[in-house]
Amino acid sequence: MSPATAGVQPDGDMPQTSEPPFLLNRSLDEQPHGVASATGSYLHLDNGTDILDACGGAAVAILGHGNQEVISAVVDQMNKVSYVHTGSYGTSSSEDLARCLLQRHDGEFDHGLVKSFFVGSGSEANDAAMKCARQYWYEKGETQRTYYVARRQAYHGNTFGAMSISSVLARKVPYSDVLIPQVSFVGPADVYHGQKPDEARDEFTGRLLSDIEIEFLRLGPENIISFVGETVSGATLGSMAAPPGYWAGVRRLCDKYDILLHLDEVMCGSGRIGTYFAFEQEQVQPDIVTLGKGLGGGYAPIAGMLINDKVVQGLRQGTAAFNHGHTYQAHPVSCAAALAVQKIVRRDRLVERVAVVGVKLGEMLHAAFAECVYVGDVRGRGFFWSVEFVQCRDTKKPFARDVQFGPRVQQMAFKNGVAVYPGAGTVDGILGDHATLAPPYTMSIEELGIAVSALRHAYITMLRRAAAQRLRSPAVAPPVRTSTASIARIVTDNSTSTTRSFPLTQLSFFSTRTALQARFTPPNKPSPPPSQKPAKQQASPVPSSPSSTPVPPTQPTQKPKPSQPEAKPEAEPEEEEVSIPFSDLPDLTQGIPSTLDQELRGATREAAALAAIRDEVAAQAEAGGNGGSGSDGVGAGREGGEDGTGKGGRREKGELPASAYVSSSEKRRQKIANYMFASAFALGVFGTAYAGRDWDEDEAKRHSNIPNGWGVGLWWDRVSARTSELLTYYHEPAFEKLLPDPDPMYGRPYTLCISLEDMLIHSEWTREHGWRIAKRPGADYFIHYLSQYYEIVLFTTIPFAMAEGMVRKLDPYRFISYALFREGTKYKDGEIVKDLSYLNRDLSKVITLDTNPAHVSTHPENAIVLPKWVGDPKNTDLVALIPFLEYIHTMQYGDVRKIIKSFEGKDIPKEFARREAIARAEFQKQLEGQRGKRRTASSGGGLGALLGLKPSSMSTMVSPDGQASLAEQMAQGKMLQDIAREQGQKNYEMMEKEIRENGEKWLTEEAAMQEKMQQEAMQNMKQSFAGWFLSSAESEPKPAESGKQ
């Protein structure tokens, strides 16, 4: 049932019971029709009537009814497991359903969706989508995002959250005061009513997108969670597709302002319009999509929310959980039913059938209603079509609300044995009628023809009954009644008994429209006398058929009062009651309208009002013949007009200037604001002039190309130079050299810069524990081991005040040589960049490890970018880099950038292992060739040359005392990397042993040293303060005390 027509039930036999029902139905007065069974496209009622289900219930039953394959799948799942709680358990049916929905096949549109979340209804799915979008921004720290932007004339569900982003007034009225207030609405993509007559389609699309962008900017993009819309509008607008380019434009706006795009395809998705996702036809990729209705085909209650990887990563980097769930979430039986339905849809290629047969259905509807004067539009795609009824085709004016045109057509169709989906409030939530066809995907073309014919027959019957009811109305004048009788015969005679064709002429529809307009005229409204009637009503009525006989006037059913005298012609006519159209009343659910604008418009006519008052007073004075009093009257009138009191001492509307509506406190605020603006302007002028002053000595050296002088050009050059220096202070690193000059005694030729965030540590926030920081597996081993080869520099974008404590805990034994923080980075093109040129190191010997390509964009040739570590305790990506970095040091390469370039686009650990395996096999082959020859010290050099090594460039050519020489070890089958690793591992074990034995002692001594330094700093500070108050003689130590010291 349409949300806008809840409570409207079709006529027919109702089940009779001896006691009231225990079930709370949608209507307390009328009971729904009892359905005994259903097969295929038909419903079999308790009273024996068969109903062709041409709307699938509510666009739900996509396979029809009684599909045994789906029923068997449900029974099989219940025999396996009927229910588990998803907080602890999972089932294969839910995972298989998610895979079925998300997996793409060859040639299919790349939707970009990676995760599914299953609930029981479309309302719950949209509620979940709203919460998921909000949590996404919450996890990213943008907690100020609280607004949703939705569209008017949209229906997203009946829960409080989904209802808040909907605009179906009939359902929102009882709850409007308690719904979510942070929802803003923009206009619908209503091509039929919204596009202006002289407006091109692309201009209309541009206007819609402009309105959305204006609303984004009004709210502030940083405050918006998501934009929500139905890809193809469903029950409220009636199968209304957006104009071409609309959704692509919305996607661009959401990307531009970093706003999530949430598409509601509960009704139009799951293949309903000829593609599985409706957004495939728009070629856009949403962030969140909701499905329902056709997902389970009515065999079980189920709906779903699908999200892309962007949303998943946002949740993963926060709490790594979706803070939402239901008891029946991903119910195994519902998932099994939906999985069976979706398998049949794919196997039988039903979506492709919908696309092809849907074109035929549209042609049938257009042909059936082409000449129907009360049909304004026939629109739709696939198996989702609607017919909109209007009172006038030219003006697109809808019927009055009490006419109930759409629901009554639906009732007539139901009596003819076909169920269609009624809709009301199409135009603005109150006015407008339509009927929708959303048949099962399996419905035959013959059944579709029956449904279209029955809908048209219901439309004809609606007009014929309206004409007949008008005949029985006592308010219809005899000429009109005679014309209406003729019209009724024309409609009856021209309509055939078949439900396939109705050859009605346009004249009969025009005449019937005249009868309907009379039908819906209030009967108690007095008619004008014959002499005052329009010429059209004085014309002769439409002639009836020869067999027809005039219908005598029907007498009123109410008896006139005998004592009531006849009205006299000269008596003043009785004032008829003024009726305000419902559509003209303000919508108080959207706020109380302001009258200030109307009052200000009246104030602009003050001069004309005063002139009228003066003329009126002068005329009265002249008529009274009293010049003195007249003069006084004119003076009083002028005085009253000028002070704004109006005549009679009353303040009439429009007689006060606009300033009279401004409070005194507001005037004070405006005055203060004007002072502030003036001060700011004066300060800006003075500051700009001062910035152009002559250089001082230091500035003159830095800007030798800009001389001093008071020419306008020179003055502006100095202003520009000083402004550039000011901006550079905030954009450039704090120092020109971030690291001191290399120490020749240090003995580490290479520098390794390592990022902190998501490289060595990972921070996350949960409601249970707050902020927690985890250290990456193997981080200690990585830093300790490589510190013997590299100068380790920690380079992070976190400010010093926040990161310094973490660095000290991460590296208490000072294996990290230097730590650089946010103050050492550069701000460029809106990104924080780690510019390696400020390191004061030879860039051919610098390697940087990072997780963000933007951070190393200035020197990508020096960078190794790893995936972000998100807390996985089994991750080994960092430790796997050690052999590669150790190899670079061992081989003593002159330029590390060439080595990194050779691994570009490859997984370095895997690629290095592959190359090493090839080199090892070649090494063993050459080694076997030299077996049996005399091994001398030169053989090691030969093997080294075989591998492309020069003895002078090898860092391990000299073996430690007590160990075999390099040549001997290579002769034993060890490659140079193997020798280096053995030595490096021994050094690492020695360092770790020292830490275990003396680590606590080192930390204690360091803490004591820091405490001593703090005390000395405090003492120096106290002495400095004392120098302000004491004389120099008193503050200086005495000679004796100085000698003791």
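Would the range 807-826 turn up any residue that is among the acidic types (Asp, Glu), assigned to a loop (DSSP other than H, G, I, E, B) and either modelled with pLDDT under 90 or assigned by TED's automatic domain parsing to the domain that holds residue 756 (or both)? Yes, that holds for at least one residue. Of the numbered criteria (1) in the same structural domain as residue 848 (by TED's automatic domain parsing); (2) part of a helix (DSSP H, G or I), the one residue 893 fails is (2). Can you tell which of 832, 864, 792 is farther than 27 Å from residue 876 by Cβ and in a strand (DSSP E or B)? Result of the check over 832, 864, 792: 832.
What are the residues in the range 737-761 that are more than 44 Å from the chain's Cα centre (by Cα) and assigned to a loop (DSSP other than H, G, I, E, B), if any? Those that are more than 44 Å from the chain's Cα centre (by Cα) and assigned to a loop (DSSP other than H, G, I, E, B): 737, 739, 740, 741, 742, 743, 744, 745, 746, 747, 748, 749. The condition (being crowded, with 19+ Cβ neighbours inside 10 Å, modelled with pLDDT of 90 or more and polar (S, T, N, Q)) is satisfied by just one residue among 876, 796, 858: 796.
Would a scan of the range 247-262 turn up a residue that is over 23 Å from residue 135 (Cα atoms) and surrounded by fewer than 23 Cβ atoms within 10 Å (Cβ to Cβ)? Among the residues of the range 247-262, at least one is over 23 Å from residue 135 (Cα atoms) and surrounded by fewer than 23 Cβ atoms within 10 Å (Cβ to Cβ), which makes the answer yes. Could you tell me whether any residue of the range 357-364 is within 25 Å of residue 243 (Cα to Cα) and of a type in the set (Gly, Ala, Ser)? Yes: the range 357-364 contains one or more residues that are within 25 Å of residue 243 (Cα to Cα) and of a type in the set (Gly, Ala, Ser). Within the range 179-206, the set of residues being of a type in the set (Lys, Arg) and in a loop (DSSP other than H, G, I, E, B) comprises just one member, 196.
Of all residues in the range 283-299, those satisfying the criterion of being assigned to a helix (DSSP H, G or I) and in contact with a strand residue (DSSP E or B) (Cβ under 9 Å, 6 or more places away or on another chain) are 293, 295.
Does residue 238 satisfy being outside any loop (DSSP other than H, G, I, E, B) and not hydrophobic (A, V, I, L, M, F, W, C)?
So residue 238 does not fit the description; no.
One line per residue, one yes/no per condition, for (1) of a type outside the set (A, V, I, L, M, F, W, C); (2) in contact with a strand residue (DSSP E or B) (Cβ under 6 Å, 6 or more places away or on another chain); (3) buried (at least 18 other Cβ atoms within 10 Å of the Cβ):
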{"site": "826", "(1), (2), (3)": "yes, yes, no"}
{"site": "830", "(1), (2), (3)": "yes, no, no"}
{"site": "837", "(1), (2), (3)": "yes, no, no"}
{"site": "842", "(1), (2), (3)": "yes, no, no"}
{"site": "846", "(1), (2), (3)": "no, yes, yes"}
{"site": "854", "(1), (2), (3)": "no, yes, no"}
{"site": "869", "(1), (2), (3)": "no, yes, yes"}
{"site": "872", "(1), (2), (3)": "yes, no, no"}
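Looking at residue 406, is it among the small types (Gly, Ala, Ser) and in a strand (DSSP E or B)? For residue 406, the condition - among the small types (Gly, Ala, Ser) and in a strand (DSSP E or B) - is not met. Residues that are under 30 Å from residue 895 (Cα atoms) and either of a type in the set (A, V, I, L, M, F, W, C) or in contact with a Leu (Cβ under 9 Å, 6 or more places away or on another chain) (or both): does the range 720-734 have at least one? Looking for residues that are under 30 Å from residue 895 (Cα atoms) and either of a type in the set (A, V, I, L, M, F, W, C) or in contact with a Leu (Cβ under 9 Å, 6 or more places away or on another chain) (or both), one finds at least one in the range 720-734, hence yes. Of the residues in the range 171-178, at least one is modelled with pLDDT under 95 and within 18 Å of residue 233 (Cβ to Cβ). Restricting 798, 816 to residues that are over 14 Å from residue 738 (Cα atoms), in contact with a Phe, Trp or Tyr (Cβ under 7 Å, 6 or more places away or on another chain) and among the aliphatic types (A, V, I, L, M) narrows the list to 798.
Helices (runs of 4 or more DSSP H) fully within the range 303-393 that include at least 3 residues being over 23 Å from residue 279 (Cβ atoms), of a type outside the set (Val, Ile, Thr) and not assigned by TED's automatic domain parsing to the domain that holds residue 95: 350-369.
Considered as a group, the residues in the range 920-932 that are surrounded by fewer than 16 Cβ atoms within 10 Å (Cβ to Cβ) and not basic (Lys, Arg) include one that is nearest to the chain's Cα centre (by Cα), and that residue is 921. Within the set 773, 706, 792, the sole residue that is without any contact (Cβ under 8 Å) to a residue 24 or more places away in the chain, touching a helix residue (DSSP H, G or I) at 6+ places or on another chain (Cβ under 7 Å) and aliphatic (A, V, I, L, M) turns out to be 706.
As a summary of the residue check, residue 765 satisfies the conditions (1) in a helix (DSSP H, G or I); (2) touching a residue at least 24 places away in the same chain (Cβ under 8 Å) except for the one numbered (1).
The values are calculated or read from the model by the stated rules, or taken from the named source; none is laboratory data. Note that the coordinates shown come from a computational prediction; the quantities given were computed from them, not determined experimentally. No Cβ is skipped: glycine too gets one built from the backbone with ideal geometry, and neighbour counts run over all protein chains shown.
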